[in-house]
1. For Lys40, enumerate residues with amide H under 5 Å from its amide H, sequence gap 5+ or separate chain, H modeled in the peptide plane.
2. Enter the Cα centre distance for the pair the range 18-32 and the range 36-53, rounded to the nearest angstrom.
3. Once both axes come from the Cα atoms, what is the angle between helix 51-60 and the longest principal axis of the chain, in degrees from 0 to 90, rounded to 10?
4. Restricting to DSSP loop positions (anything but H, G, I, E, B) with no more than 10 other Cβ atoms inside 10 Å of their own Cβ, which GluC sites (Glu not before Pro) remain in the chain?
5. Please report the Cα spread of the range 7-70 along all three principal axes, rounded to whole Å, starting with the longest.
6. Could you name the aspartates and glutamates whose alpha carbon sits less than 14 Å from that of Lys6, not counting residues in the same chain fewer than 8 places away?
Amino acid sequence: MSNDYKLRVSVDQDVCVGAGLCVLSTAEVFDQRDEDGVVKLLQSEPPAEFHEKVLGAARKCPAKAIKVEQI
């Protein structure tokens, strides 16, 4: 896969259900709030080495709270 593009990641904390699949997939990019498990974004433009994992996390998110765009 070519690394000549970047990904911009955003999360919608209002729709997150706290399943945690994103954290299990890519803990370098996602975390969860201690009080309620809602997603926290650690990197909005993750390095290329995490692109596939981030895309997988977005696909697996049951609430569709993760948005990824190619920039």
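We did not get these values from a lab; they are worked out from the coordinates using the rules stated. Since we're looking at a predicted model, the values are computed, not measured. Note that each Cβ is placed from the backbone with ideal geometry, even for glycine, and that neighbours are counted across all protein chains shown.
1. Amide H neighbours of Lys40, under 5 Å, 5+ apart: Asp31, Gln32, Arg33.
2. 8
3. Result, in degrees: 40.
4. Values: sites: Glu28, Glu35, Glu49, Glu52, Glu69; in loops: Glu28, Glu35.
Sparse-neighbourhood loop GluC sites (Glu not before Pro): Glu35.
5. 30, 18, 16
6. Reachable aspartates and glutamates: Glu45, Glu49, Glu52, Glu69.
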